[in-house]
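Notes follow once the structure below has been shown.
The values are calculated or read from the model by the stated rules, or taken from the named source; none is laboratory data. Everything quoted here is computed from the prediction, not taken from an experiment. All Cβ positions, glycine included, derive from the backbone under ideal geometry; neighbour counts span all protein chains shown.
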Amino acid sequence: MKSSIWNTPFLWIAFVLGVGWLSGFLSGDISGVYALLEKPPLSPPGQIFPVVWTILYLLMGIAAWLVSRSEGPCRGPALFWFFVQLALNFSWSIVFFRFGLHWAALAILVLLDILVIHTIRLFRKQNPTAAWLMVPYLLWILFATYLNAALALLN
């Protein structure tokens, strides 16, 4: 494989964390908005979200790095769909928290669920470890889909 600045996991992790940070920044007062919402059962306390997302973005960055280093015909498509789902991930909190469009955010999450499953399938063909590193993310966004739907109904 050609030498590239993207061959280091730290840049992949920094990039994914940066996308998450920028999304959070552009979303406004996430914790304040979340505190004011009527919440469904199983809603975690607001302070849990930054911790969980930091861990998930770390795992996602490592997974993408592993795929970027692998050889095979699915590498390009796998990374393409990784970036597409990351863009949707980026938009979700802005739509939900900044604009208060809970139903539109739910539509984004449903599409995100589908794209993450697709990305995991492609990652598995390139690097099974990378696919497994994406599973906690999938489980979290499936849970987020439940929360978003319930919050949209209650608010």
With the first residue restricted to region 115-133 and required to be in contact (Cβ under 8 Å) with a residue 40 or more places away in the chain, and the second required to be among the polar types (S, T, N, Q), Cβ contacts under 7 Å at 6 or more apart or on different chains are THR119/GLN85; GLN126/SER70; ASN127/SER70
Matching residues, region 34-51, being buried (at least 16 other Cβ atoms within 10 Å of the Cβ) and in a helix (DSSP H, G or I):
TYR34, PHE49
Could you look through region 91-116, keep only residues that are aromatic (Phe, Trp, Tyr) and crowded, with 19+ Cβ neighbours inside 10 Å, and pick out the one that is nearest to LEU36 (Cα to Cα)?
PHE97
Kindly evaluate LEU42 against the criterion of being at positive phi, modelled with pLDDT of 95 or more and more than 15 Å from the chain's Cα centre (by Cα).
yes
Which of the residues belonging to region 12-34 are under 30 Å from ARG75 (Cα atoms) and free of Cβ contacts under 8 Å to residues at least 12 places away in the same chain?
GLY18, TRP21
